[in-house]
Amino acid sequence: MTEDDFDDFDKLNEKCGLFGFWSEKRSVADVCYLGLFALQHRGQEGAGIVTTDGMHIDIEKGAGLMTDVFRKRLPSLKGHCGIGHVRYSTFGGSSFENIQPFLASFVKGGGFISLAHNGSLTNAKKIRTMLEADGCRFQSTSDSESMLNLIAHSTERTIEEKILRSLNEVEGAFSLVIMTGDKLFGVRDPLSFRPLCIGKIDEGEFVIASESCALDAVGADFIRDVAPGEMVVIDKSGLHSYFLKQKDRLSFCVFEYIYFARPDSVIDGRGVWQARYDMGRQLAREFLTLHDKSGVDIVVPVPDTGIAAAIGFAAESGLPYVEGLIKNRYVGRTFILPEQKSRKASVDMKLNPIRENLRGKRVVLIDDSIVRGTTSARLIELLRHAGALEVHMCVSSPPITHPCYYGIDTSKRKELIASVLSENDTGQKIGTDSLRYLSLEGLLDALDDSADTCMCTACFHGRYPTDVGEVQE
Ligand code: SF4
């Protein structure tokens, strides 16, 4: 294997994390900071917070981790309402102009609007062209700014009508936090691709966040998830609810459960750790239909996202769960940095084998997904060098064969190893003794969605839940 083969980790990448806080009692910046800090796994390339006291707007954004961006400026962000964003760049690139939240003035009626977006629009080009033809100027290349400008240019009377009318025109994945001088909004698209939930800290203090782990971080009680197609509005009179046009099915991104979300989050009533554990149990059942249990000795996870599935696999199979790889916790979530050099450096620093646990053992290695196969190959090489006699790779998701159009950074189709090689050939290429992916039916069973009405699973088969235009190869 050349160094060029080993250029990244085999992971898809979440684009963003969102946080919003409304308080009638205190300045909101500290809470926004803590909430976004808990969502850092959803984006490590840039972060921003916008706050307002109703009259003035304070904004701080920058490239890098939360600690880098806000080290000095946090105390200068004032006001009773704030929204924030952590990002990984996909659509629009990684330049400063694309760091969110975005800010605009209403064309009619005065006042400002700020917006942060998790997801990706599939008709962004059309919306942008239409707005530019109307004389709208864009500051960034981001599709999120199209939504902001659509709302800012709306001629509807109230802010609620402006947002609803505009968002009924956009297609694709969008969870949003939006702020004006006197209201905080949380919106989830009708197919509900990305998570968004509501919490409460005290009377008159509401939180909106991508994941419930951020509510825990700021001491908020979980109220509920934002419903598919719902817009919640928080202001001095409390919390109100409006709805976009509904769809006849849901398409929640199954990768939130497989890999993106933190295991301590609960999304749409399902705990992420438990979902991964159940995927591991199902994977074990499928593995044992083809392999004799006496032919392997231990179950080893690829930390951290493979851990819950490996525990489930071990529980179902009766094989011992053993730590065989240790993660350097200070490297950051590998492959979340877009530059090739950063990725190489990250992978080299990321995982180290525990030799005494692996020596002489026939290992079942559990990982959550394989994208290009390069990291899996390196991991298997690491385990063999550490003395493992055999390495059988089990993956707690089906083969990824198609790119994502809903806010996840996947490779091009031809770079996805499962789209060009069979399971056997992939196993040979990455150097494993055997390779087993979780079946799609098994995945949906593990998530209690065997009727396949709730989840987006398009990257496993290419049947997208919305029109995505020309499919990229
Ligand atoms: S295509 Fe895959 S990564 Fe994208 S939203 Fe659907 S399940 Fe998630």
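The values are calculated or read from the model by the stated rules, or taken from the named source; none is laboratory data. Not measured: the values here are computed from a predicted model. When we count neighbours, we look across all protein chains shown, and the Cβ atoms used for this are built from the backbone with ideal geometry, even at glycine.
At-a-glance table
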| quantity | calculated |
| --- | --- |
| Some residue of region 358-374 being surrounded by 18 or more Cβ atoms within 10 Å (Cβ to Cβ), in a helix (DSSP H, G or I) and more than 12 Å from the ligand (Cβ to nearest atom) | yes |
| Filtered residues of region 73-131 (kept if over 26 Å from Ile201 (Cα atoms) and basic (Lys, Arg)) | Lys108, Lys125, Lys126, Arg128 |
| Qualifying residue in region 297-320 (condition: within 16 Å of the ligand (Cβ to nearest atom), in a strand (DSSP E or B) and modelled with pLDDT of 95 or more) | no |
| Residue count, region 381-427 (criterion: closer than 28 Å to Arg194 by Cα, more than 16 Å from the ligand (Cβ to nearest atom) and not in a helix (DSSP H, G or I)) | 1 |
| Within region 428-470, considering residues that are in a helix (DSSP H, G or I) and within 14 Å of the ligand (Cβ to nearest atom), the one surrounded by the most Cβ atoms within 10 Å (Cβ to Cβ) | Cys459 |
| Exclusive hit being of a type outside the set (S, T, N, Q) and in the same structural domain as Trp22 (by TED's automatic domain parsing), set Phe260, Phe287, Phe243 | Phe243 |
| Condition check for Asp216: outside any strand (DSSP E or B), surrounded by fewer than 20 Cβ atoms within 10 Å (Cβ to Cβ) and modelled with pLDDT under 95 | no |
| Considering residues of region 260-277 that are within 24 Å of Ser317 (Cα to Cα) and surrounded by fewer than 24 Cβ atoms within 10 Å (Cβ to Cβ) only, the residue nearest to the ligand (Cβ to nearest atom) | Arg270 |
| Spans of strands (runs of 3 or more DSSP E) in region 21-95 with at least 2 residues over 30 Å from Ser237 (Cβ atoms), small (Gly, Ala, Ser) and touching a residue at least 24 places away in the same chain (Cβ under 8 Å) | 46-52, 57-63 |
| Test result for Asn352, over 20 Å from Ala284 (Cα atoms), assigned to a strand (DSSP E or B) and at pLDDT 90 or above | yes |
| Residue in region 92-111 that is within 25 Å of Thr305 (Cα to Cα), surrounded by 18 or more Cβ atoms within 10 Å (Cβ to Cβ) and modelled with pLDDT of 90 or more present | no |
| Any pair with Cβ under 6 angstrom, 6 or more apart, that starts in region 427-440 at a residue that is in the same structural domain as Pro399 (by TED's automatic domain parsing) and ends at one that is part of a strand (DSSP E or B) and surrounded by fewer than 18 Cβ atoms within 10 Å (Cβ to Cβ) | Asp433/Glu390 |
| Region 247-268 residues that are farther than 27 Å from Glu169 by Cα and in contact (Cβ under 8 Å) with a residue 12 or more places away in the chain, paired with ones that are within 12 Å of the ligand (Cβ to nearest atom) and not in a helix (DSSP H, G or I) (beta carbon under 7 Å, 6 or more apart) | Tyr257/Leu447; Ile258/Ser369; Ile258/Ser397; Tyr259/Lys11; Tyr259/Leu12; Tyr259/Ser369; Phe260/Glu14; Ala261/Pro195 |
| Count of residues meeting criterion [within 27 Å of Ile408 (Cα to Cα) and either of a type in the set (A, V, I, L, M) or not in a helix (DSSP H, G or I) (or both)] in region 108-163 | 27 |
